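All remarks here apply to the structure that follows.
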């Protein structure tokens, strides 16, 4: 077995729901992290999360993102979440600039609005809490990302500057999730 084969063998293939030191952004309850099939899921232990009872997600999922097994090497679950959040932010920044972070192809952006959105909880039509989502798709490699319109706006330099001028840093807790923090300038 070569050195690279040994390295691959040490990377986790999956782990079940692991409690982490973070609270749900919807209800404040404790959260767990699950890793399987190259996907990382942040889930609430008490509410239905952002996606409700989707068959392909753990119950209470708030965040679902791809995460290469190489990123798991030597990292605890909380460190994996932080790395996933930083990588997702970079990918969205590329998408907002019209460049696919995977293949450098052009990005097609659109605002997807559920025409029959249920106003309470997770909508049975679109399987999400938010009526509108910003969607970014690469026609070359088919990479697809989506976030709330507010999430996309948070990356714009004018928005970052606006909050910075008011002593609010648009950064998050060490876990990579949570509310913006106050700056101490």
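Side notes on the structure shown:
- Share of Cα-Cα pairs in the chain lying beyond 19 Å, as whole percent: 65
- Spin-label proximity, residue 162 to the stretch 118-137 - amide N less than 18 Å from point 7 Å beyond Cα toward beta carbon: 134
- In range of the label at residue 75: residues from the stretch 38-66 whose backbone nitrogen is under 17 Å from the point 7 Å along Cα→Cβ: 38-43, 63-66
- Prolate/oblate/rounded call for the stretch 11-87, Cα gyration tensor, a/c under 1.5 rounded: prolate
No value in this document is a laboratory result; all are computed from the given coordinates. Just so you know, these numbers come straight off a predicted model, no measurement behind them. Don't worry about glycine lacking a Cβ; one is built from the backbone with ideal geometry, like all the others, and counts go over all protein chains shown.
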